[in-house]
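Working notes, structure below.
Any read-out appearing in this document is the output of simple, stated calculations on the displayed coordinates, not a laboratory observation. Predicted model, so just to flag it, every value in this text is computed and none were measured. A quick note on method: Cβ atoms are made from the backbone with ideal geometry, for glycine too, and the neighbour counts reach across all protein chains shown.
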Amino acid sequence: MSVNKAQNIFLGRDGYQRKNCAQAVISAFKDKYTLNSDIAETFQRFGGGNAPEGMCGAYYAARYTLINYYPDMLEDFEKYFIALAGSVKCRQIRKYNKLSCLDCVGVSSEYLDNAYQKKRC
């Protein structure tokens, strides 16, 4: 459910205000991970390759969440994301053309959703 929500936020569909990739991931999971309600505004500057070190914004948002909640899953997430996208850097992902921005939102959200389910059990 949160994967669809993140993608809908990114696209501005189903009544959601359109947000960048980082904001979409953070917004979709802020309740599930009890993130600060203003967190999406903080991530406004991280879309379009502007996350620290040129990271993909969607990746950066998921990474931020994992660091704060499941740091033991961070290395696995990085490997998972690189296997699908070819890199964690926005410009390289675009160059490799393996995933679209929407796909990066989906991959990051799917991992966060699975991490949440795994840790709850």
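Are there any pairs with C-beta distances below 7 angstrom linking a residue in the stretch 11-24 that is farther than 16 Å from ASP103 by Cβ to a residue that is polar (S, T, N, Q), with the two at least 6 apart or on different chains, and if so which? Final answer for the pair search is ASP14/ASN8; TYR16/ASN8; LYS19/SER27; GLN23/GLN44. In the stretch 1-35, the residue that is surrounded by the most Cβ atoms within 10 Å (Cβ to Cβ) out of those that are aromatic (Phe, Trp, Tyr) and under 15 Å from TYR59 (Cα atoms) is PHE10. Restricting attention to the stretch 74-105, the residues being surrounded by fewer than 21 Cβ atoms within 10 Å (Cβ to Cβ) and under 17 Å from TYR116 (Cα atoms) number 5. Selection of helices (runs of 4 or more DSSP H) fully inside the stretch 11-121 by the criterion of at least 1 residues being farther than 21 Å from MET1 by Cα returns 39-42, 57-69, 74-85, 90-96.
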